[in-house]
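Q: Could you have a look at this structure, given as structure tokens, before my questions?
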Amino acid sequence: MVWLNTLYGVLNACFILLVGPLIDGVERRIRARLQNRRGPSILQTWYDLVKLFRKRAARTGVPLTLFRLSVYTGFAYLLIVSLFIPSILCGGMGFFGDLILFIYLLSSSKVFVLIGGYSSGNPYASIGSTREVSLSMASELVLAEIIALIALSRNSLLLNSVFPVTAVLRPSVLIGLGILGIITYIEHSRLPFEIGEAEPELAGGYTIEYAGRDLGFILWSNTIRRALLTTFLIDLIIPLDVFYHLVIYPVLLFSIMIVFTAIETACGRLRIDISLKHVKKLSYVMWGVILLALIGY
Amino acid sequence: MRPRNKCELMTNLRRFGEPRLRGKYLFISRIKSGRLKDLVDYLHWRLGGYYSTSIGVDERPLDGYFHVYHVFVLEKYGVYVLVDLPANPGHPVVESITPIVPAANWAEREIMDFIGIKFRAHPEPHRLILPDDWPDNVYPLRKDFPYDEKLPTSDKIAKLVRESPSDTWIAEDSEDHTAIPVGPYHPALHEPEYFELFVEGEKIVDARYKGFMVHRGIEKIAESRLTYNQVPFIAERICGICGFTHSTAYCQAVEEAARIDVPERAEYIRSILLEIERIHSHFLWMGVAFHLLGYDTGFMIMWRLRESIMDLAEKLTGSRKMYGANIVGGIRDKWDIKEEKVALINDTLGKIREEYLKYVPKIISMEEIKKRTRGVGILSRSDARKYSVLGPHARASGINTDVRRYRPYAAYKYVDVEIPVEDDGDIYARIIIRHEEIIASIDLIHRLLDNIPRTHLHADTDYIPERRYGIGCTEAPRGEDLHFVITGKDNKLYRWRPRAPTYNNLLSVPTMLRGEHLADAPIIIASIDPCFSCTDHIVVVDLRSGRRRPLRTGGLVGGR
Amino acid sequence: MNRIKVLLENLRKGVVTEQYPFRPLRVPERLRGKPVIDPDKCAGCGACVNVCPPNALTMRDDKHSSMRFIVLFIGRCIYCGKCEETCPFGAIRLTKEFELAAESREDLYQVVGLRLYHCPMCGEPFTTVRLIKRIVEALPEEQRAAAIICPRCRESVTAHYRSYARR
Amino acid sequence: MKLYRRSLWVFHLNSGSCNGCDIEILNALAPRQDAERLGVKLVGSPRHADAILFTGPVTREALPSVVRAIQAVPEPKIVLAVGACACGGGIWHDSYCVLGGIQGLYRVLKSMGITPPKTFFVPGCPPKPEAIIQGILLARGLVRQKQVRSEYYEEQALAEKAEVDLHRLFHKYFWVRVPPEAARVKYGVAYY
């Protein structure tokens, strides 16, 4: 049934591609409402992206260097990830060890964009990239720990066979899921952890030099990344079942995003050193949880 | 020993030159040779006064000399001391006082730029305000320079544009630091000004400042094109946030010079509008501060609340920002605050106060806000004295100063002004000061409205005598705002020099920045509530001696 | 939790956004908006031009077509209301109009062209017909003579009548 | 422009203005006006922008940075001159260190061989936030322009008749002969 799984994967990827900016639009609306504003249409992010794709990417004469290439590489990586993760349909491509591939691709997609930002040479972009890299390295360590925990609990490295992790209800798994929730929030780069772009400090951070289509792909990647991370979290919770994925999954996806938005709206930005400290604490807790899992809880 | 009264002061000052008392102004002319430094030392450091500003005047058409006036404020004796230094037009050189009073640095260089008077023994005799491509030996504030002369822009600009942009913005790294430009177009600033921060990793080692992007030649226009009653409108446009305080200070200066008694009702209306302006300015600042701290909801809340203040201003004056109420001698007729408007103001302010208190105390107790403002950007009391910072910035560092109380003007003579003072000197203290000032201002307006008398709105100002000196001071939302005028003929000013509080406050920014996190730089810079368009006289702050590097005019924008 | 209280307070307050431009905006009576010259009332005296701080109002006499143009450039206007205060005929006033965006700079002008009045003695144009007419109408019969000639001629006429020393 | 019908990102460029317009631009994004509902977003980098909200009379000192920022915005771009200073130089239009608003800037740009972008004008000192929103919508072709040029020229025949009447009055009071050359210039015939 390889071809069916491939079809499922492709359809899932399409869903993620489409729903990512839509979620962003909904979030913008919710955020606006929490700030007493009317807010844009929920399709606004899509409108923005369409506009950006129709614009020229950069000044004429800029070659397809690392600066631009990295954007597309990052995007392609996310696309591959979305083929593996079951989202609206319960299934997708998979092979042994794709759990590791998943975390590898997810983190390197971000790193690529940051490399691109760094290569633009703009001082703000460099600072933004440095901050983002240090934060995402720290949080990805925790993510890796969580993956290890999951693999440990389910005795598998195959994405489709670890879902849902809630099938084994152990204290370690529950704590792990809680921490995964927090890490998902941090990886979404939301306030107070939205540090790399930091509009008022860094004028857009690592994206500062991108324009037009390139910028569109960066923004699109960001929304997809958010959707994928959340999808991963949901997949671990709900059973791998057609009904659950077709009905419960979208509801959960949107409600998690809305909760996250509400939290974001209530927060100010933390400084990079303070937020790193927070993430490090999480990492220590996670080691404890893995030990817990090893001794069978 | 300090002299006990004005008489003794006069006697003591005879040692240095010829003091003459004219109302509130004490002129000291014909300084004995070699005694200038002693005099300045005496005035600034011994008498407990402080150096305020310096003014250069081209008085060749009047008495054949250039003049430099150093203004010192002696609050205790209730006088402004003007040290009068004439300069020979053939060879205009006077002695610099910067070695004694470092605060005079910018003002003296400004005079060098504008009038062409050289200062002997000035530590950094470089160009300050005029653009780099301005020709030498052209001094715009001399009387023989036409105000509307447009000198051709040099090809430097064309060259800058032609250069490949990617060459120019790669950070100028020194051996161990990276230079991070903040500006000229930075979302934190909203005005084209240019800071250069030197960082090691994320720590700021040093800061440098290059400004004067907003120099628009206001003084020259006012002296040549506009008449007395047109100048309040240009004074109002010195700054789009605290414009009314500028026009009030200007009008007060002319009223002082011409000895015009402003009717009480006009004074009350001025005070009410000034307080409304203060509230809107503080709301604005708080919103921007929350935005810089990443708390956008706070920004939205503050600006939503501010909207009712703007509506109130619009209903009272017809414009949200530019009240346009002042004329020399009082307030324009249509700007009267009538009975029904009194009720409107009381009502609106009551509602704002209630809603404000629902939000802000909660917001400023939030953890991120506290973590990022407590103990950040500290300016100690002694440093604050050294840079003679003004307004809320000084009050947050424990200096109890406020023009409204110590040199009362307008209707502040008739009411008691509450002045909050904090001792911590960090950003949090500055937030608290402004928070308390908002409440105090609202209460003050209520009190002013209760006592508003029924008199005329403006005095008769048919005749303004020639060559009179006047100084007008107001407490702007950012600190003391000082305007100096010399009256002229043909219904026009001879000289006008506004000095905005940011001029002094900005000097303290590098001190606050040093050793802080790069992420905190915007909020530290913003914590003084900088108003660059007010100041438009700022200097490259070169603190590390011997490390002068050429400044890049392009700044960040070239790369973007 | 203070931060949540703030959000709840916000939710209670609800949306405050106004529907502009889909619904017209209510502006206060006192709003100082676009200045408009009523061309029927304007007599071209130039008092507003004299008083305008930013020179948004300018005046130009074209001898060739014998017209005086009062030009109001809204793009430079600072809405101070000095002109309204000064105009002796109530011809210029600030309206409540604030939606002034325009695609072309040309759209921001208002031009009032008035016929110049020529002095019957020297034939030189010196002000507008309308202004002289209004002055003459306002003056009592015996003083009208002085108004209908240009100031220079008036001087010489006066000199002539008083001392027969006309230049 | 059709491309920007649904979304327009603006970069705020201050060329030495007094802050009034700049604050009003921010105000347009505040809850009361909320320009975001119309797809407007204020961005920090000119590279992200579609339009420039241009304020200030262009001081000499700011000129190079301003030119660069305008160049950094990718095509197709729109410029909105916001406020009296940008539209016409404002109260300092003829000062020695001011170029006199966007017109002066474009003169410099043209002299350097750069074609100025499409420009819209939003007068006001400062313009109300709603006026700025209206300007933005006008630039995107979503609302119609309200401000139009108005011209009035006094009717020649009426004015000349009035002048003739006044001249008649003159002859009623003065028995002075009209210098023949002046009379001929004006009417061709002398009348008395």
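The values are calculated or read from the model by the stated rules, or taken from the named source; none is laboratory data. Just so it is clear, the structure is predicted and the values come from calculations on it, not from any experiment. Note that we place each Cβ from the backbone using ideal geometry, even for glycine, and neighbour counts take in every protein chain shown. For the accessible areas, the whole protein counts, side chains as well, though only heavy atoms, and no ligand, DNA or RNA atoms are used. Shrake-Rupley method; radii C 1.70, N 1.55, O 1.52, S 1.80 Å.
Q: Out of C:Ala101, C:Ala47, C:Ala91, C:Ala56, which single residue is under 10 Å from the mean Cα position of the chain (by Cα) and facing chain D (nearest Cβ under 8 Å)? Show your work before the answer.
A: Numbers: C:Ala101 fails: under 10 Å from the mean Cα position of the chain (by Cα); C:Ala47 fails: facing chain D (nearest Cβ under 8 Å); C:Ala91 fails: facing chain D (nearest Cβ under 8 Å).
Among C:Ala101, C:Ala47, C:Ala91, C:Ala56, only C:Ala56 is under 10 Å from the mean Cα position of the chain (by Cα) and facing chain D (nearest Cβ under 8 Å).
Q: Can you tell me which residue among D:Arg107, D:Arg60, D:Arg140 is on the phi < 0 side of the Ramachandran plot and buried (at least 24 other Cβ atoms within 10 Å of the Cβ)? Walk me through it before giving the result.
A: On the way: D:Arg107 fails: buried (at least 24 other Cβ atoms within 10 Å of the Cβ); D:Arg140 fails: buried (at least 24 other Cβ atoms within 10 Å of the Cβ).
None of the other options fit; the residue is D:Arg60.
Q: Could you pull out the residue among B:Asp84, B:Asp63, B:Asp41, B:Asp58 that is acidic (Asp, Glu) and touching a Ser or Thr at 6+ places or on another chain (Cβ under 9 Å)?
A: Of the residues listed, the single one that is acidic (Asp, Glu) and touching a Ser or Thr at 6+ places or on another chain (Cβ under 9 Å) is B:Asp84.
Q: Another question about this same structure. With respect to A:Leu66, determine if the residue is at pLDDT below 90 and either surrounded by 16 or more Cβ atoms within 10 Å (Cβ to Cβ) or within 14 Å of chain D (Cβ to nearest Cβ) (or both). Reasoning before the result, please.
A: Working: at pLDDT below 90: yes; either surrounded by 16 or more Cβ atoms within 10 Å (Cβ to Cβ) or within 14 Å of chain D (Cβ to nearest Cβ) (or both): no.
No: the conditions fail for A:Leu66.
Q: Follow-up. Across region C:112-125, what is the total count of residues that are within 26 Å of D:Glu151 (Cα to Cα) and either facing chain D (nearest Cβ under 7 Å) or under 19 Å from the mean Cα position of the chain (by Cα) (or both)?
A: Within region C:112-125, residues that are within 26 Å of D:Glu151 (Cα to Cα) and either facing chain D (nearest Cβ under 7 Å) or under 19 Å from the mean Cα position of the chain (by Cα) (or both) number 7.
Q: Hey, another quick one. Which condition breaks for D:Lys118 when tested against (1) touching a helix residue (DSSP H, G or I) at 6+ places or on another chain (Cβ under 7 Å); (2) in contact (Cβ under 8 Å) with a residue 24 or more places away in the chain; (3) within 29 Å of B:Pro152 (Cβ to Cβ)?
A: If we test D:Lys118 against (1) touching a helix residue (DSSP H, G or I) at 6+ places or on another chain (Cβ under 7 Å); (2) in contact (Cβ under 8 Å) with a residue 24 or more places away in the chain; (3) within 29 Å of B:Pro152 (Cβ to Cβ), just (1) comes out false.
Q: What residue, among those in region B:128-149 that are among the charged types (D, E, K, R) and at pLDDT below 80, is surrounded by the most Cβ atoms within 10 Å (Cβ to Cβ)?
A: Ranking the qualifying residues of region B:128-149, first place goes to B:Asp133.
Q: Further question on the same structure: Going by the structure shown, is D:Asp34 out of contact with any helix residue (DSSP H, G or I) (no Cβ under 6 Å at 6 or more places or on another chain) and modelled with pLDDT under 90?
A: Working: out of contact with any helix residue (DSSP H, G or I) (no Cβ under 6 Å at 6 or more places or on another chain): yes; modelled with pLDDT under 90: no.
So D:Asp34 does not fit the description; no.
Q: Quick one: which residue in D:Ala28, D:Ala49 is more than 8 Å from every other protein chain (Cβ to nearest Cβ), among the small types (Gly, Ala, Ser) and under 21 Å from A:Arg37 (Cβ atoms)?
A: The conditions single out D:Ala28.
Q: Related question: State yes or no: is C:Gly44 closer than 29 Å to D:Gly56 by Cα, touching a Ser or Thr at 6+ places or on another chain (Cβ under 6 Å) and in contact (Cβ under 8 Å) with a residue 12 or more places away in the chain?
A: Values: closer than 29 Å to D:Gly56 by Cα: no; touching a Ser or Thr at 6+ places or on another chain (Cβ under 6 Å): yes; in contact (Cβ under 8 Å) with a residue 12 or more places away in the chain: yes.
No; evaluated as a whole, the condition is false for this residue.
Q: Could you list, in sequence order, the residues of region D:157-169 that are under 38 Å from the mean Cα position of the chain (by Cα) and either surrounded by 15 or more Cβ atoms within 10 Å (Cβ to Cβ) or facing another protein chain (nearest Cβ under 7 Å) (or both)? Reasoning before the result, please.
A: At the first step, the residues of region D:157-169 found to be under 38 Å from the mean Cα position of the chain (by Cα) are D:157-163.
D:Ala159, D:Glu160, D:Ala162, D:Glu163 - these are the residues of region D:157-169 that are under 38 Å from the mean Cα position of the chain (by Cα) and either surrounded by 15 or more Cβ atoms within 10 Å (Cβ to Cβ) or facing another protein chain (nearest Cβ under 7 Å) (or both).
Q: Another question about this same structure. Counting just the residues of region A:37-63 that are surrounded by 16 or more Cβ atoms within 10 Å (Cβ to Cβ) and modelled with pLDDT under 80, which one comes out farthest from A:Gly9 (Cα to Cα)?
A: Among residues in region A:37-63 that are surrounded by 16 or more Cβ atoms within 10 Å (Cβ to Cβ) and modelled with pLDDT under 80, the one farthest from A:Gly9 (Cα to Cα) is A:Ala58.
Q: In the set A:Val81, A:Val165, A:Val111, which member is farther than 22 Å from A:Leu253 by Cα and not aromatic (Phe, Trp, Tyr)?
A: Working: A:Val81 fails: farther than 22 Å from A:Leu253 by Cα; A:Val165 fails: farther than 22 Å from A:Leu253 by Cα.
Testing whether each residue is farther than 22 Å from A:Leu253 by Cα and not aromatic (Phe, Trp, Tyr) leaves just A:Val111.
Q: Select from region B:362-405 the residues that are among the acidic types (Asp, Glu) and within 30 Å of A:Phe193 (Cβ to Cβ) and write down the one among them that is farthest from the other protein chains (Cβ to nearest Cβ).
A: Looking only at region B:362-405, we keep the residues that are among the acidic types (Asp, Glu), and these are B:367-368, B:383, B:402.
This time we only want the ones that are within 30 Å of A:Phe193 (Cβ to Cβ), so: B:367-368.
Numbers: B:Glu367: 9, B:Glu368: 4 Å.
Applying the filter and picking the extreme gives B:Glu367.
Q: Residues that are modelled with pLDDT of 85 or more and surrounded by fewer than 23 Cβ atoms within 10 Å (Cβ to Cβ), at least 3 per element: which helices (runs of 4 or more DSSP H) completely within region A:182-297 meet that? Break it down into steps so the answer makes sense when it comes.
A: Values: elements: A:199-202, A:212-237, A:249-265, A:272-294.
Helices (runs of 4 or more DSSP H) meeting the threshold: A:212-237, A:249-265, A:272-294.
Q: Shifting gears a bit: Looking at (1) within 28 Å of D:Ser7 (Cα to Cα); (2) in contact (Cβ under 8 Å) with a residue 60 or more places away in the chain; (3) open to solvent by less than 10 Å² (accessible area, probe 1.4 Å), which is the only condition D:Gly101 fails?
A: (2)
Q: Okay, moving on. For region B:24-74: of the residues being aromatic (Phe, Trp, Tyr) and assigned to a helix (DSSP H, G or I), which is most open to solvent (accessible area, probe 1.4 Å)?
A: Step one: of region B:24-74, the residues aromatic (Phe, Trp, Tyr) are B:25, B:27, B:42, B:45, B:50-51, B:65-66, B:69, B:72.
Still in the list and also assigned to a helix (DSSP H, G or I): B:42, B:45.
Values: B:Tyr42: 20, B:Trp45: 140 Å².
Looking at residues that are aromatic (Phe, Trp, Tyr) and assigned to a helix (DSSP H, G or I), I get B:Trp45.
Q: To continue, here is another question. Within region C:113-121, is even one residue modelled with pLDDT under 90 and on the phi > 0 side of the Ramachandran plot?
A: There is no residue in region C:113-121 that is modelled with pLDDT under 90 and on the phi > 0 side of the Ramachandran plot.
Q: A further question on this structure: For D:Lys146, are the conditions met, namely being at negative phi, facing another protein chain (nearest Cβ under 7 Å) and under 21 Å from the mean Cα position of the chain (by Cα)?
A: Taking the combined requirement at face value, the residue satisfies it.
Q: Which pairs turn up if I take residues in region D:143-154 that are free of Cβ contacts under 8 Å to residues at least 40 places away in the same chain and look for partners that are open to solvent by 90 Å² or more (accessible area, probe 1.4 Å) with beta carbon separation below 6 Å, at least 6 apart in sequence or on another chain?
A: These pairs meet every condition: D:Arg149/C:Glu106.
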